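> Next up is a structure, given as structure tokens.
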Amino acid sequence: MSGTRPSGLPGTIPHWIGGRAAGSADGRTFDVTDPVSNRVYARAAAGSRTEVDRAVAAARAAFPIWSRLSNRTRATTLNRIADEVEARCEELAQFESFDTGLPITRARGQARRAAENFRYFADVIVSLGEEAFRQGDEQFSYVVRSPVGVAGLITPWNTSFMLESWKLAPALAAGCTLVLKPAEWTPLSAGLWPQILSAAGLPDGAVNIVHGIGEEAGQALVDHPEVPLISFTGSTDTGRHIVRSSAAHLKSTSMELGGKSPVIVFADADLEAALDSVVFGVFSLNGERCTAGSRVLVQQPVYEAFTRRLAERAERVKVGAPADPATEVGALVHPEHYARVLDHVETGTKEARLVAGGRRPDHLPEGNYLQPTVFADVSRDARSFQEEIFGPVVAVAPFEDEAEAVELANATQYGLAAYIWTSNLKRGHRIAHAVESGMVWVNSHNVRDLRTPFGGVKSSGLGREGGAHSIDFYTESKIVHVALGDVHTPRFGTGVLA
Ligand code: NAD
């Protein structure tokens with residue numbers, strides 16, 4: 001099963017600018033590898049300032065066409081994009097699984113979610129009204145929303161296609177045109193957007209894709225004076241750098257960054273449900289998930305038993321070839337990332353008690369594989385408690401009472417998600433309000449409602465995406481005040497002030 005190549009793999013992955021496939025002006029490319037063989041299977045065009053300039057010019061040219069369409073007409077195109085994504089779900093899933101190492105079952109789910117994102121934002125844009133304010137009989141004020149212009153979208157390698165759709169759909173719904181810079185480790189599925197968007201009838205230039213290295217192609221997009229907003233998902237360090245660079249042109253930025261999300265398990269919780277959720281929450285998507293519950297805090301009376309059962313389950317998680325439908329954890333995306341995760345595992349072994357995993361599974365001698373790993377008795381200053389590992393690795397620590405649970409939950413720089421397990425409803429709400437995070441789930445794992453705000457606090461991000469929040473980001477609100485009767489103005493220069 002390992003090394004299963006989907007049919008139709010391209011040998012080259014070009015940019016897409018103004019509705020046409022294009023190489024880089026200087027002919028440069030970069031290698032694209034798969035995480036099972038770590039061999040080069042394609043070469044992608046390596047964009048630079050020149051390609052970003054061309055892409056922004058194409059997006060600017062398309063802006064008057066796309067932005068002036070009615071919301072209903074744009075929504076119709078978005079629904080056609082969803083149809084095209086659905087029609088290619090299997091191909092998309094196979095490409096994504098091959099390129100990223102995600103298990104095929106998970107990649108199928110992500111492809112379906114990508115289609116859903118377009119349908120959802122089609123619905124949002126036709127149902128969203130604008131606000132009006134009346135001051136008695138004297139003045140009436142109303143809000144006009146306009147798309148901001150050319151949006152710059154920069155995305156990471158985990159669930160690449162789905163996350164691209166999460167930005168493309170609201171930007172297009174709002175009437176923006178855009179330039180997308182996909183992650184350089186996983187450009188394959190982004191290579192399917194041109195077919196999808198053309199088949200759906202999107203005007204040329206409304207979406208442009210420039211592949212390339214972050215520091216070059218991504219940076220050129222961030223620095224471009226005619227791109228007034230940047231929507232970024234990726235690591236906290238890169239996010240900080242982009243916010244600093246964006247200040248030169250006072251760009252709007254949306255930052256969806258890293259996490260180290262706590263799962264708080266009280267002794268009175270439904271422990272079976274909590275265990276299922278902990279195992280799925282940190283090991284699904286190979287643990288390469290921003291909202292992974294990667295710190296598990298367990299109340300003392302059940303700590304030992306819960307930790308032991310978690311370790312047993314982690315040892316039984318099926319690690320294997322991404323293309324195998326029985327696989328639960330596939331191959332980590334890239335040898336560099338794999339080495340980083342292994343380095344965390346090595347440090348963790350010195351800092352805490354390794355109770356599961358920590359090694360390559362015996363039956364998988366090649367590829368970026370790691371048996372799901374559990375560290376117990378992790379202290380709050382340990383690296384595995386503080387740093388995002390972004391792999392199938394979880395840190396477990398005990399707590400005595402509610403106060404200590406909240407203190408430990410808040411003891412990192414991050415604040416993306418939190419999960420609380422208790423049968424005491426009042427306590428569930430109390431803790432939900434006390435933890436420093438943008439999103440909290442009580443007695444549940446990461447189930448999304450696309451209408452709700454998505455995002456983090458502290459070092460996990462700036463701003464919110466999702467529902468009307470996304471449309472707010474991609475539009476400028478203008479207020480128009482209109483007098484309905486006579487205006488009473490102090491009469492300066494007449495000698496009569498009243
Ligand atoms: P990364 O920051 O290395 O790269 C993300 C993107 O930024 C890539 O496309 C990269 O090419 C680009 N980039 C790099 N340097 C740049 C620069 N100077 N200017 C402009 N663009 C630049 O992140 P990654 O390793 O690809 O992704 C993993 C990270 O993403 C994790 O920290 C994870 O938590 C985070 N993430 C967050 C969310 C969320 O919603 N909060 C979702 C998914 C992933």
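The values are calculated or read from the model by the stated rules, or taken from the named source; none is laboratory data. Please read these numbers as outputs of a predicted model, since none were measured by experiment. Neighbour counts run over all protein chains shown; Cβ positions are idealised from the backbone, glycine included. We work out accessible area using only protein heavy atoms, side chains counted, and drop any ligands, DNA or RNA first. Shrake-Rupley method; radii C 1.70, N 1.55, O 1.52, S 1.80 Å.
> Under the classification rounded if a/c is under 1.5, otherwise prolate if a/b is larger than b/c and oblate if not, where does the chain fall, given a ≥ b ≥ c as square roots of the Cα gyration tensor eigenvalues?
On the way: a/c = 2.11, a/b = 1.29, b/c = 1.64.
Taking the square roots of the gyration eigenvalues as a ≥ b ≥ c, the chain is oblate.
> Sticking with this structure for a sec: Compute the angle between helix 425-434 and the longest alpha-carbon principal axis of the chain, please, reported from 0 to 90 degrees and rounded to the nearest 10.
Tilt of helix 425-434: around 70 degrees.
> Something else now. Quick one: with all protein chains in place, what share of the accessible area of the stretch 262-442 is carbon or sulfur, to the nearest percent (1.4 Å probe)? List each step's numbers first, then the result.
Details: 3550 of 6900 Å².
Summing carbon and sulfur atoms, their accessible area is 51 percent of the total for the stretch 262-442.
> Calculate how steeply helix 236-246 sits against the longest principal axis of the alpha-carbon atoms of the chain, using the helix alpha-carbon long axis, and give the answer as 0 to 90 degrees to the nearest 10.
Long axis of 236-246 versus the principal axis of the chain: about 20 degrees.
> Mind checking the dipole of the stretch 262-442: about its Cα centre, +1 per Lys or Arg Cβ, -1 per Asp or Glu Cβ, Debye to the nearest 20?
So the magnitude is around 140 debye.
> Indicate the gyration tensor shape class of the stretch 262-442 (rounded, prolate or oblate), computed on the Cα atoms with a ≥ b ≥ c the square roots of the eigenvalues: a/c under 1.5 is rounded; otherwise a/b larger than b/c is prolate and the rest oblate.
Here the stretch 262-442 falls in the prolate category.
> Next up: Per residue, how much accessible area does the stretch 262-442 show when a 1.4 Å probe rolls over the protein heavy atoms, in square angstrom?
So the stretch 262-442 comes to 38 Å² accessible per residue, rounded to a whole number.
> Rule-of-thumb check for the stretch 97-254: C-alpha Rg over 2.2 N^0.38 Å?
The reported ratio for this selection is 1.17.
> Further question on the same structure: Ordered by residue, what ³J(HN,Hα) values in Hz, to whole numbers, does the stretch 394-406 give under the Karplus form 6.51 cos²θ - 1.76 cosθ + 1.60, where θ = phi - 60° and Gly and Pro are x?
Coupling constants for the stretch 394-406: 10, 9, 10, 9, x, 9, 8, 9, 3, 4, 5, 4, 5 Hz.
> Here's something else I'd like to know. Roughly how big is the stretch 135-235's charge dipole about its Cα centre, with Cβ charges of +1 (Lys, Arg) and -1 (Asp, Glu), in debye to the nearest 20? Walk me through the numbers before you get to the answer.
On the way: 3 positive and 9 negative charges, 56 e Å.
Computed about the Cα centre, the dipole is about 280 debye.
> So, taking all protein chains as they sit and a 1.4 Å probe, how much accessible area belongs to ARG28, in Å² rounded to tens?
Spelled out: ARG28, probe radius 1.4 Å, area about 100 Å².
> Accessible area, 1.4 Å probe, largest first: how do VAL378, VAL243 sort?
VAL243, VAL378
> Treating the angle as unsigned and between 0 and 90°, give the value, to the nearest 10°, between the Cα long axis of helix 300-316 and the longest Cα principal axis of the chain.
90 degrees
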